[in-house]
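Accompanying notes for the structure given below.
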Amino acid sequence: MKILNFGSLNIDMTYFVDEMASAGKTVASFEFGRNFGGKGLNQSVALARAGANVFHAGKIGQDGTELRDFLTSCGADTSFVALSSLPTGNAVIQVDKSGENCIVVYGGANRDISKEYASAVLNNFEEGDFVVLQNEISNVGFIAAEAHKKGMTVVFNPSPLDGIDVSLDDVDIVILNETESCAIFGSDNAADVEKYIEKSAQTLRVVLTLGSRGACFIEKGSVTTVPAVKVDAVDTTGAGDTFTGYFLAEYFGGKGVERSLKTAAKAAAISVTRKGAAESVPSREEVE
């Protein structure tokens, strides 16, 4: 069994502020950090630190080779990471005193994922393997469809919500928060979405992260819920990616839904007590 994470690779520039900047307003930052990120990279780091056999595919510019080196040092296989003529993707992040964040992302090399490159990577995987996708690279819908045809288990984290071209018919597991669930399932009310999914007879497995209410796993009307682990948050950047990586590592490893959710919740709780995205992902030993 192999896990392919076909995802973004970013350099994050984080500004810590008393309050978020709004239109026409300039605010002072009392601390700055330059970190590695991108939802794809973050999730590969979490998968690798949780002990999964993860292969990362994606593109970086000539200015981003340190991202590949970092992923390798975390235990991910980076043999499918390719160079692009475009600059490496990057994000500008504001983090306020409560730990909440506001993010602007430039796609760069992440938007240079061609169908030809995607097909070449997928040729190295087969039925029974897994592919993990977010929505920060180009041709996500094509990758999901081709992986589905091969008999791979397709996991989709529809973030960010802008411009999604993935058909849920090609997806086996979707991992999303309350805002994303409302958009994907067409409702303004997260509780209605949960009820809809519970009653649905479709084969789609859904992981919902519910903030302070914890997280749940829904499949054919069966619901497993775990509470959140309460901590004092410093920076919530990357918390969802940490949850996703640890949940999938446990779940794909046959640990069972409840244990997988609880382990992921613990890992995410540790991550928000630290600054940064990928750098905040805890080790397996810390989570245990």
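The values are calculated or read from the model by the stated rules, or taken from the named source; none is laboratory data. What you are looking at is a predicted structure, and each value in this text was computed from that prediction instead of being measured. Every residue, glycine among them, receives a Cβ derived from its backbone with ideal geometry; neighbour counts consider all protein chains shown. Ligands, DNA and RNA are stripped out before the accessible areas are found, and what is left, the full protein with its side chains, is counted by its heavy atoms. Shrake-Rupley method; radii C 1.70, N 1.55, O 1.52, S 1.80 Å.
One table, with the values for the structure above:
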| quantity | calculated |
| --- | --- |
| Check on residue 279, acidic (Asp, Glu) and modelled with pLDDT of 95 or more | no |
| Answer residue from the range 248-288, given it is open to solvent by less than 20 Å² (accessible area, probe 1.4 Å) and of a type in the set (Ser, Thr, Tyr) and is farthest from residue 235 (Cα to Cα) among those | 260 |
| When residues of the range 40-75 are limited to those that are part of a strand (DSSP E or B) and either touching a helix residue (DSSP H, G or I) at 6+ places or on another chain (Cβ under 8 Å) or of a type in the set (D, E, K, R) (or both), the one most open to solvent (accessible area, probe 1.4 Å) | 59 |
| Condition met for residue 98 (under 26 Å from residue 158 (Cβ atoms), assigned to a loop (DSSP other than H, G, I, E, B) and touching a residue at least 60 places away in the same chain (Cβ under 8 Å)) | yes |
| Restricting the range 206-240 to residues that are touching a Lys or Arg at 6+ places or on another chain (Cβ under 6 Å) and open to solvent by 60 Å² or more (accessible area, probe 1.4 Å), the residue that is modelled with the highest pLDDT | 229 |
| Residue list for the range 268-288, filter: within 14 Å of residue 44 (Cβ to Cβ) and either assigned to a helix (DSSP H, G or I) or without any contact (Cβ under 8 Å) to a residue 40 or more places away in the chain (or both) | 278, 279 |
| Residue satisfying all of: in the range 137-180; at pLDDT 95 or above and hydroxyl-bearing (Ser, Thr, Tyr); farthest from residue 125 (Cα to Cα) among these | 138 |
| Options 13, 1; residue that is under 28 Å from residue 156 (Cβ atoms), open to solvent by 10 Å² or more (accessible area, probe 1.4 Å) and in a strand (DSSP E or B) | 13 |
| Residues satisfying the stated conditions in the range 139-158, i.e. open to solvent by less than 50 Å² (accessible area, probe 1.4 Å) and touching a strand residue (DSSP E or B) at 6+ places or on another chain (Cβ under 7 Å) | 140, 143, 144, 147, 152, 153, 154, 155, 156, 157, 158 |
| Given (1) farther than 30 Å from residue 236 by Cα; (2) touching a Gly at 6+ places or on another chain (Cβ under 6 Å); (3) hydroxyl-bearing (Ser, Thr, Tyr), index of the condition residue 114 fails | (2) |
| Test: residue 75 is free of Cβ contacts under 8 Å to residues at least 40 places away in the same chain and on the phi > 0 side of the Ramachandran plot | yes |
| Every residue from the range 181-205 that is among the aliphatic types (A, V, I, L, M) and either modelled with pLDDT of 85 or more or open to solvent by 70 Å² or more (accessible area, probe 1.4 Å) (or both) | 201, 204 |
| Counted residues, the range 18-39 - those being open to solvent by less than 80 Å² (accessible area, probe 1.4 Å) and either touching a Leu at 6+ places or on another chain (Cβ under 7 Å) or over 30 Å from residue 63 (Cβ atoms) (or both) | 3 |
| Members of the range 76-123 found to be over 17 Å from the mean Cα position of the chain (by Cα), of a type outside the set (Lys, Arg), open to solvent by 40 Å² or more (accessible area, probe 1.4 Å) and within 30 Å of residue 21 (Cα to Cα), listed by number | 86, 87, 92, 98, 100 |
| Selection from the range 149-178 of residues that are touching a residue at least 24 places away in the same chain (Cβ under 8 Å) and in a helix (DSSP H, G or I) | 150, 168, 170, 178 |
